[in-house]
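Colleague: This is the structure I want to talk about, given as structure tokens.
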Amino acid sequence: MLSSQDIDELATFALELADAAAEVTLPYFRAGLDVDHKSGKYAFDPVTAADREGEAAIRKLITARYPDHGIFGEEHGKHTGSSGLTWVLDPIDGTRSFICGVPLWGTLIALNDGTRPVIGVMDQPYIGERFVGRPGGTTLIGPRGTVPLKTSNCIRLADAKLGNTDAGMFINPVEKEAFREISSKVRLRRFGGDCYFYALLAAGTIDLVVEAALEPYDIQALIPIIENAGGIVTSWTGGDPQAGGHVVAAATPELHAEAVELLSAAIG
């Protein structure tokens, strides 16, 4: 188990990793970079030099400082360490936004203690906002200084503001119908947010995020950010979300329970 001193040290290091990634990714943003297609499960799954080089910069620092730590990144795969600790990385979550010049992408950095992610950072260097979740609380480091964050007090779908990156992520008819039903019950829907919507949930401006087809590196950094701000993140059936897949994040237990009741019934 990590001590409070360990958490302090590793959370500070996570910010150093975010700085290193920003030095690489920012010069590419809105600079007309080339885009490749990963030929994966999506019709268009883009990747850029900024993705690859940003992750490489993070991995280099981890290996130098903590050679016994594991690393699991979107672009350069998995390295199993001997410490039981693993850094889970997505250098640019929201590559589609990145290549379109939309500043709703972020660098995701998580530290998993072997059981679950305990430290999470979502860094948006262009805007200059950094969301940090760790035991004891979640903060936003930005133009207004360092501000503690708390999720909203929304308890009903009828009052909720729902965020989702792209309704096209719901591939099969059951998923599509489940999202159609839940989105028809909320007060407001917004799309295109990628990791930023989860951070805004921690900040109390969005109440609910419902997504599918996530990878572990898409969600692990966001779990400590939301949970330490008072929110809840699970699978659609209420289970552990850290492997990705179907994920629902909510501001309050009441709102989460209403969402899970609907979503779990849909996917059985």
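The values are calculated or read from the model by the stated rules, or taken from the named source; none is laboratory data. All values reported here derive from a predicted model rather than from experimental measurement. All Cβ positions, even for glycine, are placed from backbone atoms using ideal geometry, and neighbour counts span all protein chains on display.
Colleague: Can you find even one residue in the stretch 54-64 that is surrounded by 21 or more Cβ atoms within 10 Å (Cβ to Cβ), of a type outside the set (A, V, I, L, M) and either in a strand (DSSP E or B) or touching a Pro at 6+ places or on another chain (Cβ under 9 Å) (or both)?
Modeller: yes
Colleague: Only one of Thr146, Thr107 is part of a strand (DSSP E or B) and surrounded by 13 or more Cβ atoms within 10 Å (Cβ to Cβ). Can you tell me which? Can you show your working first?
Modeller: Details: Thr146 fails: surrounded by 13 or more Cβ atoms within 10 Å (Cβ to Cβ).
After applying the criteria, what remains is Thr107.
Colleague: Which condition number in (1) part of a loop (DSSP other than H, G, I, E, B); (2) outside the structural domain of Ile206 (by TED's automatic domain parsing) is the one that Phe131 fails?
Modeller: Here Phe131 clears every test but (1).
Colleague: Additional query: Go over the candidates Leu201, Leu263, Leu208 one by one and state the one that is buried (at least 21 other Cβ atoms within 10 Å of the Cβ) and either at pLDDT below 95 or over 17 Å from the mean Cα position of the chain (by Cα) (or both).
Modeller: Only one candidate passes the filter, namely Leu263.
Colleague: Have a look at Ser39, Ser97, Ser82 and point out the one that is modelled with pLDDT of 90 or more, in a loop (DSSP other than H, G, I, E, B) and surrounded by fewer than 22 Cβ atoms within 10 Å (Cβ to Cβ).
Modeller: From the options Ser39, Ser97, Ser82, the qualifying one is Ser82.
Colleague: Suppose we filter the stretch 145-176 for residues that are farther than 25 Å from Thr252 by Cβ and charged (D, E, K, R); how many remain? Reasoning before the result, please.
Modeller: Looking only at the stretch 145-176, we keep the residues that are farther than 25 Å from Thr252 by Cβ, and these are 145, 166, 168, 171-174, 176.
Imposing the further condition that a residue be charged (D, E, K, R) reduces the set to 166, 176.
Total meeting the criteria: 2.
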